[in-house]
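Single-structure report; data block below.
The values are calculated or read from the model by the stated rules, or taken from the named source; none is laboratory data. These numbers were taken from a predicted model, which means no experiment stands behind them. Cβ atoms come from the backbone with ideal geometry, glycine included; neighbour counts cover every protein chain shown. Heads up: the accessible areas ignore ligands, DNA and RNA and are worked out on the full protein's heavy atoms, side chains in. Shrake-Rupley method; radii C 1.70, N 1.55, O 1.52, S 1.80 Å.
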Amino acid sequence: MLGLLQRGRGDGTLHALTAPRAEALAALNHCVLRDPRHDWQVENRSLYYARLHLDLNGELDAIEAHLFDPEDVLDPEESRTGLALAVLGHLASYGRRDALELLRKYAASGANWAWALDELALRDDDAGLRALAAPVLARFPTDPQGEAELAAAVRDAFEPRPWRLWAEDPRESVAARVRTAQEAGCFDRWQRQMRPTGPRPGWSVQAVFDWAQQGIERGAALHVPAARCLVAVAGPEDRPEIVRAARDGTEGARCTALRYLADSNDPAALELIEAAVSDGERAVAEAAVDAFERMRSIAAVERARGWARRPDALGAAAGRMLACRGGTKDSDLVLGALREAVRGEGPDAPTLWTLVDGAGRLGIVCAAPVLRHVYRETASSHLRGRAARALAATDPSFPAGFAVECLWDCEETTRELAARHAETGDARVVERLRRLAADPAEEAEVQTAVRSRIAPDGPVA
């Protein structure tokens with residue numbers, strides 16, 4: 001159950017609802033307080049955990065202890081408390097007054113106060129937000145450094161509502177300070193726009209290459225913007241120089257030239273990419289592979305068919321290209337790449353995202369066993385959702401199988417897919433569809449999919 005909840009799988013909720021309440025709450029709190037996401041900045045868990053918290057009628061003692069632990073001062077990183085605060089935000093939107101009060105308390109005194117304030121900006125009333133003006137502003141000294149930090153906080157706020165309220169606060173000491181910070185933030189943006197860095201009109205091809213190399217020496221990869229600059233700077237007469245740079249230039253020049261030639265579908269691009277992968281430095285080889293994957297020409301797809309069985313990064317890129325742009329005749333190559341990736345790199349390999357999509361796009365029915373393995377084992381809820389979408393196109397058992405649990409999945413795109421495919425012969429499906437249709441926190445796309453299965457008079461299609 002813990003592993004299922006950590007991954008955000010629908011089966012996690014279903015298991016928790018049938019387990020002893022104390023055991024289920026312990027597993028749920030473990031997830032909320034120790035963020036298990038593969039990528040915490042893009043994967044969804046907060047609504048998933050909040051809904052289960054409501055179903056279990058859970059208390060907030062463990063979350064409060066976590067938020068106000070002394071570690072909050074020692075480790076102010078967003079990743080430590082962000083998930084717990086987001087769960088509280090959803091609970092507050094469902095009417096849990098204790099969650100709202102806890103968010104207010106943490107916004108006033110916690111290290112990750114800005115996140116808590118963003119959650120309150122969406123759910124609290126004006127009076128509750130105005131009461132936080134004094135404790136939030138007290139975080140910033142009135143010296144020049146403090147005022148600069150306040151201006152940055154106002155400028156970078158994800159939800160501007162509290163700051164706008166405070167700018168109109170009847171207390172002049174509050175309103176004047178916030179308005180000054182708002183003006184400073186706007187001026188800072190203007191100054192940054194007036195101080196652009198990088199290439200200027202009139203630069204030569206060599207100047208662009210030098211700029212890219214300077215970035216490499218500073219530890220910044222600039223070959224992608226440098227390649228865009230070449231589009232404006234280079235003319236037909238500069239092609240020999242660019243081809244030479246792609247073959248034996250400096251690291252920055254080589255990466256830039258390869259990207260430029262690939263994007264322009266230059267006839268020499270494919271040979272130069274293959275050479276860069278064979279004899280280039282690691283950064284050059286990676287840039288060459290990335291440039292190849294961006295190509296859209298028929299020649300690139302044909303070359304991918306020849307490279308797909310290579311046991312290197314270029315072979316893996318060729319498999320991904322065929323997954324994206326190949327035809328049904330490439331199904332065996334895409335399936336082979338999918339199997340090899342799972343066997344060699346496991347169910348969380350980054351290359352699987354494209355290969356899984358390709359298996360679904362090409363309708364490779366015999367890929368279903370591998371896709372089911374990826375669905376079960378991956379720690380990434382986004383990859384699991386892609387696997388579910390591919391299974392919907394390749395596995396006849398999907399509507400009565402994984403689609404049912406996907407109705408409880410943490411990702412809204414996966415729930416939307418399930419709403420369109422889940423077999424309604426299962427009583428749990430009918431009840432879940434009705435509940436999603438009535439849930440004000442559910443995404444509009446999911447509710448649209450649900451309503452497409454529900455007739456106007458009530459029965460589920």
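Summarise the accessible area of the range 51-127 (1.4 Å probe, protein heavy atoms) by the percent that is carbon and sulfur.
51
Once the convex hull of the alpha carbons of the chain is built, what does its volume come to per residue, in cubic angstrom?
191
Amide H to amide H, which residues 5 or more places from Ile454 or on other chains are under 5 Å from it, using H placed in the peptide plane?
Here Ala461 satisfy the definition.
Can you pull the accessible area of Lys329 for me, 1.4 Å probe, Å² to the nearest 10?
Its heavy atoms expose roughly 150 Å² to the probe.
Hey, got the dipole for the chain? About the Cα centre, +1 on K and R Cβ, -1 on D and E Cβ, debye to the nearest 20?
Once rounded to the nearest 20, the dipole reads 1080 debye.
In whole percent, what relative contact order does the range 228-294 give with Cα contacts below 8 Å and a gap of six or more residues?
Relative contact order for the range 228-294 comes out at 28 percent.
Got a sec? What order do Cys410, Cys324 fall in by accessible area at 1.4 Å, biggest, i.e. largest, first?
From most accessible down to least: Cys324, Cys410.
What value, in deg cm²/dmol to 500, does the helix sum -39500 (n - 2.57) over DSSP H runs of n ≥ 4 give at 222 nm once divided by the residues of the chain?
-21000 deg cm²/dmol
Check each of the GluC sites (Glu not before Pro) in the range 76-160 and keep only those in coil by DSSP with at most 14 other C-beta atoms within 10 angstrom; list them in order.
Here the GluC sites (Glu not before Pro) that fit, given the DSSP loop and packing criteria, are Glu77.
What percentage of the solvent-accessible surface of the range 383-458, computed with a 1.4 Å probe over protein heavy atoms, is contributed by carbon and sulfur atoms?
It is 51 percent, rounded to a whole number.
Provide the gained length on full extension for the span Glu147 to Ala22, in nm with one decimal, where the gain is 0.36 nm per separating residue minus the Cα-Cα distance.
Difference between extended and current length: 40.2 nm.
Give the accessible surface of the chain per residue, rounded to a whole number of Å², with probe radius 1.4 Å and ligands, DNA and RNA excluded.
For the chain, the per-residue accessible area is 47 Å².
If you rank Thr256, Thr180 by how much accessible surface each has, with a 1.4 Å probe, what is the order from largest down?
Thr180, Thr256
Just to verify a number: what accessible area does Ile454 come out at with the full protein assembly present, 1.4 Å probe, Å² rounded to tens?
40
So what is the relative contact order of the chain, in percent, for Cα pairs below 8 Å that sit 6 or more residues apart?
Reported relative contact order: 11 percent.
Could you put Asp395, Asp35, Asp143 in order of accessible surface area, largest first, with the 1.4 Å probe and the full protein assembly present?
Solvent-accessible surface, decreasing: Asp143, Asp35, Asp395.
For Asp312 and Ser109 in the same chain, what is the full-extension length gain: residue separation times 0.36 nm, less their Cα-Cα distance, in nm?
Once the chain is fully extended between Asp312 and Ser109, it gains 67.9 nm.
Determine, from the Cβ-Cβ distance of Ala65 and Arg179 and an R0 of 30 Å, the FRET efficiency 1/(1 + (r/R0)^6), rounded to the nearest 0.05.
0.20
If one puts a single equal scatterer on every Cα of the range 224-337 and applies the Debye formula without solvent, what log₁₀ I(q)/I(0) results at q = 0.20, 0.21 Å⁻¹?
Results for the range 224-337 at q = 0.20, 0.21 Å⁻¹ read -0.97, -1.05.
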